[in-house]
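A short worksheet on the structure shown next.
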Amino acid sequence: GCVGEVSGDSNVLLGLDTYSYHIALGTDPGVKVRRPMDLFELMDRLGDLGLDGFQIDPMHWQGLSRSDLQAVRREADARHLFVECGTMRLSAVEIRKGVRACVTLGARILRTFLGFNRFSPATNIHDELERAAEEIRAVLPLIRQEDIKLAIENHGDVRSRELVGLVEDLHSPHVGICLDTGNSLCVLEDPLKAAEQMAAYAFSTHFKDCTIIGTASGCKIVGAALGEGMLPLPELYRIISTEAGLERLLIEVPCDAASGRRQAIDEEDRAVRESVRYCREALAIGRL
């Protein structure tokens, strides 16, 4: 391709959130996979795609033993892949588990999320944020001791200003944000404005695209391959690369499994490959 057509960055590492292969990995409740992919096969796929690392979704490590995780680390090290880790929901118990997994995997970043239903009449958002702050304070000494960075995702629950407020209240170099480019739509925010709010606090990303589909009862937001949805990805990348100054960009492609088993697995793989191609060609990431 032509060099110089896009102001890309060959120094940015490009990785994948394993949720991008959640159908192939056998963790989509709607699709029965006869023989699910494992993390070693996933690393083969990363090699095939020329990617630099991955963030392991909690669904894809929590069933593994310590020796399994050690084997994953050995393989990732041998392939020179970076590893990040995700954990389920923001509780002291889950974060401790996640920190232990990070230490075993040699991961420095632990992604988590609050996980409440913002639009339920029973939800008190202020209380949810207070509870989250308490849970994090309880594990901050451990996070500091192990030198882990806790990256709280905007997960379709908090708005960007609320998440930034939580991070600022905790006032720790070990607590920041996992900036998801699509989830701001779920809380009725402008994706660009939300990214601008959060970028300076970002430790990690879920760089995704999505589209909005009309339904008989309204509409739904669905994941799409990068460049095939409606998000202003070049502008989002510019904000992330300038304001956050991150060394890594993690692609997340939440593929819809509705099309049936074989077709869904094939479509998931196509969407990941297309997303990697988009980052290389349209954003010039990782090209020399």
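The values are calculated or read from the model by the stated rules, or taken from the named source; none is laboratory data. Being a predicted model, the structure only gives us computed values, none of them experimental. Every residue, glycine among them, receives a Cβ derived from its backbone with ideal geometry; neighbour counts consider all protein chains shown. What goes into the accessible areas is simple: the full protein's heavy atoms, side chains included, and nothing from ligands, DNA or RNA. Shrake-Rupley method; radii C 1.70, N 1.55, O 1.52, S 1.80 Å.
Observations on the structure shown:
- With respect to the stated conditions, Leu226 fails to be modelled with pLDDT of 95 or more, in contact with an Asp or Glu (Cβ under 7 Å, 6 or more places away or on another chain), over 16 Å from Val272 (Cα atoms) and in a loop (DSSP other than H, G, I, E, B).
- The listed residue being surrounded by fewer than 22 Cβ atoms within 10 Å (Cβ to Cβ), farther than 30 Å from Val187 by Cβ and free of Cβ contacts under 8 Å to residues at least 12 places away in the same chain, out of Asp48, Asp52: Asp48
- The number of residues in the stretch 198-220 that are open to solvent by less than 60 Å² (accessible area, probe 1.4 Å) and either touching a Phe, Trp or Tyr at 6+ places or on another chain (Cβ under 9 Å) or not in a strand (DSSP E or B) (or both) comes to 6.
- Checking each residue in the stretch 250-279 for being open to solvent by less than 10 Å² (accessible area, probe 1.4 Å) and under 16 Å from Asn183 (Cβ atoms) picks out Leu250, Ile251, Val253.
- Filtering the stretch 125-151 to residues that are open to solvent by 40 Å² or more (accessible area, probe 1.4 Å), in contact with a helix residue (DSSP H, G or I) (Cβ under 9 Å, 6 or more places away or on another chain) and in a loop (DSSP other than H, G, I, E, B) leaves only Glu146.
- On the stretch given as the stretch 159-182, residues that are surrounded by fewer than 23 Cβ atoms within 10 Å (Cβ to Cβ), part of a loop (DSSP other than H, G, I, E, B) and of a type in the set (Val, Ile, Thr) total 0.
- Checking each residue in the stretch 96-120 for being closer than 19 Å to Asp180 by Cβ and either of a type outside the set (Ser, Thr, Tyr) or surrounded by fewer than 19 Cβ atoms within 10 Å (Cβ to Cβ) (or both) picks out Gly98, Ala107, Ile109, Leu110, Arg111, Phe113, Leu114, Gly115, Phe116, Asn117, Arg118, Phe119.
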